[in-house]
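Remarks on the structure that follows.
Nothing in this text is a laboratory measurement; each read-out follows from the coordinates by a stated rule. Since the structure is predicted, the reported quantities are computational estimates derived from the model, not experimental observations. So basically every Cβ, Gly included, is an ideal-geometry build from the backbone, and we count neighbours across all protein chains shown.
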Ligand SMILES: Cc1cc2nc3c(=O)[nH]c(=O)nc-3n(C[C@H](O)[C@H](O)[C@H](O)COP(=O)(O)OP(=O)(O)OC[C@H]3O[C@@H](n4cnc5c(N)ncnc54)[C@H](O)[C@@H]3O)c2cc1C
């Protein structure tokens, strides 16, 4: 009898890399994505890949597909952030985390590009406009339940890779998995590469400590190989401590000009060296984002449900501090994919074994990112912090 498919909720980075693993293991699967296409919403920011993240991706893709992935990654020289004072324009060497990974380079790729590469070969198994709301266990399997009340085919296992608002995560953990809104906000922006010329090559943090509402900064990565490519835009990510970045009517779903205008107004007194990053913005791509984090003590325990697994932000979302969210997510895909491969598909102990291992590095990552964020963004989780 044909094996029932592994059902995957969400077509983000973690899900699509898991799909690659299942494809190579010849384990059937179906992916359900809420959006209408992969480019439905701005794919925005670039992800910095750590050695652990690259190792996990390589283990899943195998030598030739990994080589193609590696060739698409940007490699930037320099070992850490170079800091700039936003008002004076003066630079200084930041003595913080080391950003380099493989070959000593700072390795990065746009989130949208990473998804496109991970989707290759899995297209026919991906279904768009499928908003998963929860699941229903059957006698010998599981079905995903969609927002319109319909249900998926029966699967052997349901894996939620549907991000930090995952309702499957809430259902399976009995509400133990929580995500907190830390109050700090960000804006993503993009501009033509020429706007970044005055910075030189490297990863930069431009810090404004003169803002009357509190510390505001941007991070950007200027890659020499792409500098003269007219088809490329570089991005920047702006982060403000709570109260600095405020969306009109507190609506952080606003994209485009509304978000671009706020970024321009917040940087109006910045040094002319940085002005082109905002003056020449591709306003269409501007978007707000919120700084959120799972329970900072780590991934909680819940009674394992053998037929439901959680990967990526659905089980351990973290702040952008440290740049480890996606790197941890791809480790989940590699681990769960390997365990399913070894078992020849779904087997009763697989998700329990996966959770045991994932809880160790997942918890470490959340704790570490939260610890960095408390200092960098002046945030704190306490009894009054709202959850999302
Ligand atoms: C500004 C910023 C910068 C960052 N930089 C870095 C970095 O440098 N390095 C790093 O490692 N990490 C970074 N991260 C974190 C990283 O982006 C996330 O950890 C990563 O994207 C998580 O991947 P995922 O596959 O778990 O979830 P996502 O990428 O969020 O994908 C979830 C998918 O599920 C879909 N979905 C959601 N709900 C449903 C539903 N109900 N039904 C069906 N589909 C659904 C979504 O549309 C989406 O396609 C950054 C995050 C931010 C905000």
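Observations on the structure shown:
- Which of 270, 70 has the fewest Cβ neighbours within 10 Å, and the rest in rising order: 70, 270
- Cα-based helix-to-principal-axis angle, 350-376 vs the chain, degrees rounded to 10: 20 degrees
- In the chain, the DSSP beta bridges split such that about 70 percent are antiparallel, to the nearest 5.
- What the pair-distance distribution of the stretch 152-250 shows, using all Cα-Cα distances binned every 5 Å from zero, is 2, 10, 14, 13, 11, 12, 12, 10, 8, 5, 1, 0 percent.
- C-alpha long axis of helix 257-266 to longest principal axis of the chain, angle in °: 40 degrees
- Residue list for the stretch 152-188, given a label point 7 angstrom along the Cα-to-Cβ vector of residue 301 and an amide N cut-off under 20 Å: 170-178
- Each 10 Å bin, from zero up to the one with the longest distance, holds this percent of the alpha carbon pairs of the stretch 252-322: 16, 29, 24, 18, 10, 3.
- Sequence of 128, 29 once ranked by neighbouring C-beta atoms within 10 Å, starting from the fewest: 128, 29
- Highest to lowest packing among 178-186, 306-314, scored as the average C-beta count within 10 Å: 306-314, 178-186
- Each of 87, 241, 31 has some number of other Cβ atoms within 10 Å of its Cβ, and from fewest to most they run 87, 241, 31.
- Packing order of peptides 7-14, 253-260, highest average first: 7-14, 253-260 (average count of other Cβ atoms within 10 Å over each peptide's residues).
- Euclidean distance of C-alpha centroids, the stretch 288-324 and the stretch 62-82, integer Å: 26 Å
- Using 0.36 nm per residue and subtracting the Cα-Cα separation, the extra length available between residue 359 and residue 2 on full extension is 125.3 nm.
- Protection proxy ranking, peptides 331-341, 59-69, average beta carbon neighbours within 10 Å, highest first: 331-341, 59-69
- Distant alpha-carbon pairs in the chain (separation over 30 angstrom), percent: 39 percent
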